[in-house]
Amino acid sequence: MLFRSCCAQGHPLAELTKISLQKMAEFPFLLPSFYVDPIRERFEANNLGLKIRGVMNHGNLVASLIEDSDCLAILAEKTIGRKETEKLIFLDSVPFNREFVVIAKFSENPRVGSTSGRQIFWKHLEENRASFF
């Protein structure tokens, strides 16, 4: 999954054609919780500090929160609605790529779900392995 940096349409970085990590470090971020460590590592590797204003995993909420702010965000574009996407500018000069591993664990005596449902899910994972791993 490709995550992209983004900002509000009126943000100072929205008009720039080239954006460096150093320039991005001047602004605070709203980040998904699972992305805090990789972004922090990337900034620290370049001797930069990462300013985090908030951590949340709801893309549409992040898009709404940064609409009238100086915050930058890291979002997967396909995870937010069209209405929210139209409020943002995606900054492609500094792409953030990360591979995610899907770990599936099934209980012998589940309290929720069904055996057939787990089998369908497992078959989907097997058939689409390239998309997940």
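The values are calculated or read from the model by the stated rules, or taken from the named source; none is laboratory data. Everything numeric in this text was worked out from a predicted model, so none of it was measured. Quick note on the areas: whole protein, heavy atoms, side chains included, nothing else; ligands and nucleic acids left out. Shrake-Rupley method; radii C 1.70, N 1.55, O 1.52, S 1.80 Å.
From largest accessible area down, sort Leu50, Leu16; use a 1.4 Å probe on the protein chains.
Values: Leu50 35, Leu16 80 Å².
Descending order: Leu16, Leu50.
Taken over the C-alpha atoms, the stretch 1-81 has Rg and Dmax values of 11.9, 35 angstrom. Surface composition of the stretch 42-84: carbon and sulfur make up 45 percent of the accessible area, probe 1.4 Å.
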